[in-house]
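Novice: First the structure, which I've put down as structure tokens, then a few questions once you've had a look.
Please treat every number below as a calculation from the coordinates, not as lab data. Here the structure is a predicted model, which means the values were calculated and not measured. Methodologically, a virtual Cβ is constructed for each residue, glycine included, from the backbone with ideal geometry; neighbour enumeration extends over all protein chains shown.
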Ligand SMILES: Nc1ncnc2c1ncn2[C@@H]1O[C@H](COP(=O)(O)OP(=O)(O)OP(=O)(O)O)[C@@H](O)[C@H]1O
Ligand SMILES: [Mg+2]
């Protein structure tokens, strides 16, 4: 890619980026939220067609002018997008071959389609039935289906835009094994990730983008994580977890004997008799492995769990009955969910509309909406969270991933909650923005907000929490104060070895 320039109204997303990839190379592309990584890859893959950017795309010595994604696919480029793009209502097999279904005399050959899909899934060691509707799979598995789909195109260049954000550790291992095999076969890979551990394990070279420009491309061997981070943010980051002790007040939320049952199997307890409390101004971290019941616990308290639940919820000592998210919000609970596309954000709407959705009542009174008051509140939240966007009426879907997450956070803050649930609050967020969000969490705690945070990133849980609860197979397996909580102890507890 030579001197690529790509502009959106009011934003120069790419400002003369040059990038190259060798056969069989694993080349990572890193940079802060909004640096231009996804835009560069959408340019490469024809999402932004020839004529809407400047510069040249050259593959195997030939300048290419892709008008559509299909054109780039034919030239051997396959892309796995940051936001999942499968059709939930269709089966896994239908999704894999969408638009390229094997057919005879114009009629789709279903048995061939499913046979091919099943072979492909088997090659990847994915125990997924190709006849399952995609909507029935978890996000991790959906991501692996996206990968199977890209592979079915026999790509020479495979682009992966944050493929592991929603994968479990074992799914990540599966993916990496697949990628190592592809590398052997000469497939070149462009890998976008905010997880520098992965980037350093897998890459031959690393390119850093900042504000739409390339800051450098170097062999991984010559780089350190600190060096990459400082290239990304343009400064030394310093300590991202300053030791701040919070002053606690009275109990804000108390949970007694909470149990949540599996939706499909009503005898199975996903959360098993969990009790805990959190005080005003306290940050309570909830740790545990994937599937330990952490998200289910928060969903059940919030009235968002579809299956059966039992137990008591007390807000400021008062017993409340929460049978829906609306009731939870009324009782002063806010919830930043892990899957921002499904629960958090309306991508076609403006930042303003997104931020004021849940907060509508609080800010505007029950029946009337005060546009100007809302705008002021939303602008304030955008500023304090440093959302990178032109104005509150920017469409949320055009923001970079991390900035979308900040909008979700802002939206809940405008509901003035007493207790705020954060589920994987910094997933897909760059280091600089993470640091800002951590500072924000500390600031919120200092104002007396009680915070309950679920995170798979241990440094995040240990760095922010005053107290850490560990779940194992739905049960409360341990509790540690900040000074007691070490990575070793928490992990031992999470794996059932303590
Ligand atoms: N369709 C669009 N319309 C307008 N602006 C856009 C559009 N897509 C991206 N932008 C802007 O272009 C810039 C680069 O965005 P891009 O999505 O490429 O960032 P990114 O590096 O992938 O970030 P992240 O790590 O958060 O995914 C951002 O300022 C973003 O707001
Ligand atoms: Mg992106």
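Novice: For region 251-494, list log₁₀ I(q)/I(0) at each q in 0.08 Å⁻¹, using the Debye formula over Cα point scatterers of equal strength and ignoring solvent, two decimals each.
Specialist: -0.29
Novice: Further, regarding this structure: Give the peptides 129-140, 191-202, 446-457 in descending order of average Cβ contacts within 10 Å, highest first.
Specialist: 446-457, 191-202, 129-140
Novice: What is the fewest-to-most order of 382, 491 by other Cβ atoms lying within 10 Å of their Cβ?
Specialist: Numbers: 382 22, 491 15.
The fewest-first ordering by Cβ neighbours comes to 491, 382.
Novice: While we're on this one: If I fit a long axis through the Cα atoms of helix 139-151 and take the longest principal axis of the Cα atoms of the chain, what angle between them do I get, 0 to 90°, rounded to 10?
Specialist: Compared with the principal axis, the helix lies near 0 degrees.
Novice: Okay, next question. How many angstrom separate the Cα center of region 19-78 from the Cα center of region 161-208?
Specialist: Between the Cα centres of region 19-78 and region 161-208 lies a distance of 18 Å.
Novice: Oh, and also: Viscosity 1.306 mPa s, temperature 10 °C: Stokes-Einstein D of region 98-216 from its Kirkwood Cα radius, in µm² per second?
Specialist: Details: Rh = 16.0 Å.
Result for D is 99 µm²/s.
Novice: Divide the volume of the convex hull of the Cα atoms of region 200-340 by its number of residues and quote the answer in cubic angstrom per residue.
Specialist: Details: hull volume 25.6 nm³, N = 141.
Spread over its residues, the Cα hull of region 200-340 gives 181 Å³ apiece.
Novice: Against the longest alpha carbon principal axis of the chain, how many degrees, from 0 to 90 and to the nearest 10, is the axis of helix 431-446 turned?
Specialist: 10 degrees
Novice: Next up: Among bridges DSSP assigns within the chain, what percent are antiparallel (round to 5)?
Specialist: 55 percent
Novice: Only bridges with both residues in region 2-233 count here: give the DSSP antiparallel percent, nearest 5.
Specialist: Numbers: 19 of 36 bridges.
Of those bridges, close to 55 percent are antiparallel.
Novice: Starting from the Cα of residue 85, step 7 Å along the direction of its Cβ; do the same at residue 118; then give the gap between the two resulting points in nm.
Specialist: 2.9 nm
Novice: Using packing as a proxy for protection, rank 287-296, 257-266 so that the peptide with the highest average count of other Cβ atoms within 10 Å comes first. Let's see the in-between values first.
Specialist: Values: 287-296: 22.8, 257-266: 15.3.
Going by the mean number of other Cβ atoms within 10 Å, highest first, we get 287-296, 257-266.
Novice: Assuming 1.002 mPa s and 20 °C, estimate D for region 248-318 with Stokes-Einstein, Rh taken as the Kirkwood radius over Cα pairs, in µm²/s.
Specialist: Values: Rh = 12.7 Å.
It diffuses with D of about 169 µm²/s by this estimate.
Novice: Pulled fully out, how much extra length does the chain show between residue 327 and residue 247, if you take 0.36 nm times their separation in residues and subtract their Cα-Cα distance?
Specialist: Numbers: separation 80, 0.36 × 80 = 28.80 nm, distance 2.85 nm.
Full-extension gain reported as 26.0 nm.
Novice: What Kirkwood radius, in Å to one decimal, follows from the Cα pairs of the chain? Don't skip to the answer; put the middle values down first.
Specialist: Values: mean 1/r = 0.0414 Å⁻¹.
The Cα-based Kirkwood calculation yields 24.1 Å.
Novice: Cut-off is 10 Å between beta-carbons; in what order do 412, 305 appear when sorted fewest neighbours first? Kindly include the intermediate steps, with their values, before the conclusion.
Specialist: Values: 412 23, 305 19.
With the sparsest Cβ surroundings first, the list reads 305, 412.
Novice: Work out how far the C-alpha atoms of region 2-233 reach from end to end along every principal axis, then list the three figures in whole Å, largest first.
Specialist: 51, 39, 33
Novice: Would you mind checking the tilt of helix 401-413 against the longest principal axis of the Cα atoms of the chain, expressed as 0 to 90 degrees and rounded to 10?
Specialist: Helix 401-413 sits roughly 20 degrees off the main axis of the chain.
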